[in-house]
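Asks: Dropping a structure here in structure tokens format, bear with me for questions.
The values are calculated or read from the model by the stated rules, or taken from the named source; none is laboratory data. Remember, it's a predicted structure, so these values are computed and weren't measured experimentally. Here the Cβ is made from the backbone with ideal geometry for all residues, glycine too, and neighbour counts use every protein chain on show. We work out accessible area using only protein heavy atoms, side chains counted, and drop any ligands, DNA or RNA first. Shrake-Rupley method; radii C 1.70, N 1.55, O 1.52, S 1.80 Å.
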Amino acid sequence: MSREWRPSSIYEAQAVWAGVYVDGSDRMDRQRLAAVRLFCGLRGSVLDLGAGGGGTAEALAEAGYVVTALENDDFLAARAQERARGGRFRLLHADFYDVTLPHTFDLVTYFDGFGLSSDEAQRRLLVRIASWLRPSGRALIEIYAPGYWSAMAGKRVRLGQATREYQFDYQGSRLIDTWTGPTGDEFRQTLRCYAPADLALLLEPTGLCLDSVQSLDGCQWAGDVARTRYSYLAAIAHANPYPTAS
């Protein structure tokens, strides 16, 4: 690897250093597909936010869902576009805070990314999600669990050519995730972690409510699961799906 080369984003760094998004493994995509089947049935229209390299969108499309995938990062969008060839699913290379969508969906998914911005920004996104959902629709959002990530503070792991170090901002309840490459290049991101009660408070002004909570592998979300699973799935619905005329 040339010392002059530097990834354009943390996502490209993860792909090049550790094979994330491009390693061909579909275990997580199949796990997400199983969760979508649980909440959406066997058919329906899905909007996949933060679609990454398109693996989950591809798995959903192959299973019969009509999928629109939304990804803003240039590197990831290019990978997703390769998967979308032949019309398997529709890819939009756009920012979900700005994009205009012409119709609503049975399900909106957001895996591995909610919490990257502030609480205020998350609420703005949730309001947008409410506008994209049909009255009977659901959003399925992966939420990072504060109990797990606070216990991981100070730990380091080796992933391919990268070293990944975890810290935790206890006051802001944010995971601090630092990736360092073989030549010392470093990328850092922070993700807001929400306990289910905190997520319910976040949802209050958005027109949405927390419908149910479970782990990604289908376990009931309880105290022991909260400590051993790094994230949980929040099923979110319209607080008032069929408002009456005043």
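Asks: So the check is Cβ under 6 Å with 6+ separation or different chains; which pairs have a first residue in the stretch 206-218 that's free of Cβ contacts under 8 Å to residues at least 24 places away in the same chain and a second one that's part of a helix (DSSP H, G or I) and of a type in the set (A, V, I, L, M, F, W, C)?
Replies: Close Cβ pairs (under 6 Å, with a partner that is part of a helix (DSSP H, G or I) and of a type in the set (A, V, I, L, M, F, W, C)) amount to SER215/VAL225.
Asks: Moving on to the next point. Looking only at the stretch 69-90, count how many residues are touching a helix residue (DSSP H, G or I) at 6+ places or on another chain (Cβ under 8 Å) and farther than 26 Å from ARG6 by Cβ.
Replies: Keep residues of the stretch 69-90 that are touching a helix residue (DSSP H, G or I) at 6+ places or on another chain (Cβ under 8 Å), which gives 69, 71, 73, 75-76, 79-80, 83-84, 88-90.
In the following step, the residues that additionally are farther than 26 Å from ARG6 by Cβ were identified as 69, 84, 88-90.
Selection size over the stretch 69-90: 5.
Asks: Quick one: in the stretch 98-112, of everything that is in contact with a Ser or Thr (Cβ under 9 Å, 6 or more places away or on another chain) and of a type outside the set (D, E, K, R), which residue is surrounded by the most Cβ atoms within 10 Å (Cβ to Cβ)?
Replies: Going through the qualifying residues, I end up with THR109.
Asks: Kindly provide the set of residues from the stretch 114-155 that are at negative phi, in a loop (DSSP other than H, G, I, E, B) and open to solvent by less than 20 Å² (accessible area, probe 1.4 Å), ordered by number. Break it down stepwise before answering.
Replies: Looking only at the stretch 114-155, we keep the residues that are at negative phi, and these are 114, 116-153, 155.
In the following step, the residues that additionally are in a loop (DSSP other than H, G, I, E, B) were identified as 114, 116-118, 145, 152-153, 155.
If the condition is that a residue be at negative phi, in a loop (DSSP other than H, G, I, E, B) and open to solvent by less than 20 Å² (accessible area, probe 1.4 Å), then PHE114, ALA145 are the ones that fit.
Asks: Can you tell me which of (1) open to solvent by 20 Å² or more (accessible area, probe 1.4 Å); (2) more than 16 Å from ASP106 (Cα to Cα) is the one LEU38 doesn't meet?
Replies: It fails just one condition, (2).
Asks: On to the next question. Within the stretch 182-196, restricting attention to residues that are closer than 17 Å to SER118 by Cβ and either open to solvent by 70 Å² or more (accessible area, probe 1.4 Å) or of a type in the set (S, T, N, Q) (or both), which residue is farthest from the chain's Cα centre (by Cα)?
Replies: The initial filter retains those residues of the stretch 182-196 that are closer than 17 Å to SER118 by Cβ, namely 188-194.
Applying the additional criterion that residues be either open to solvent by 70 Å² or more (accessible area, probe 1.4 Å) or of a type in the set (S, T, N, Q) (or both) yields 188-190.
On the way: ARG188: 17, GLN189: 14, THR190: 14 Å.
Selected residue: ARG188.
Asks: Condition first: modelled with pLDDT of 95 or more and among the charged types (D, E, K, R). Now tell me which residues in the stretch 26-57 satisfy that.
Replies: ASP48
Asks: Taking the stretch 197-236 as the search range and keeping residues that are crowded, with 17+ Cβ neighbours inside 10 Å and polar (S, T, N, Q), which one is modelled with the lowest pLDDT?
Replies: SER215
Yes or no, residue by residue, for (1) open to solvent by less than 50 Å² (accessible area, probe 1.4 Å); (2) touching a residue at least 60 places away in the same chain (Cβ under 8 Å); (3) not aromatic (Phe, Trp, Tyr):
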{"site": "SER8", "(1), (2), (3)": "no, yes, yes"}
{"site": "ALA15", "(1), (2), (3)": "yes, yes, yes"}
{"site": "VAL46", "(1), (2), (3)": "yes, yes, yes"}
{"site": "LEU49", "(1), (2), (3)": "yes, yes, yes"}
{"site": "ALA59", "(1), (2), (3)": "yes, no, yes"}
{"site": "TYR65", "(1), (2), (3)": "yes, no, no"}
{"site": "THR68", "(1), (2), (3)": "yes, no, yes"}
{"site": "GLU71", "(1), (2), (3)": "yes, no, yes"}
{"site": "ARG79", "(1), (2), (3)": "no, yes, yes"}
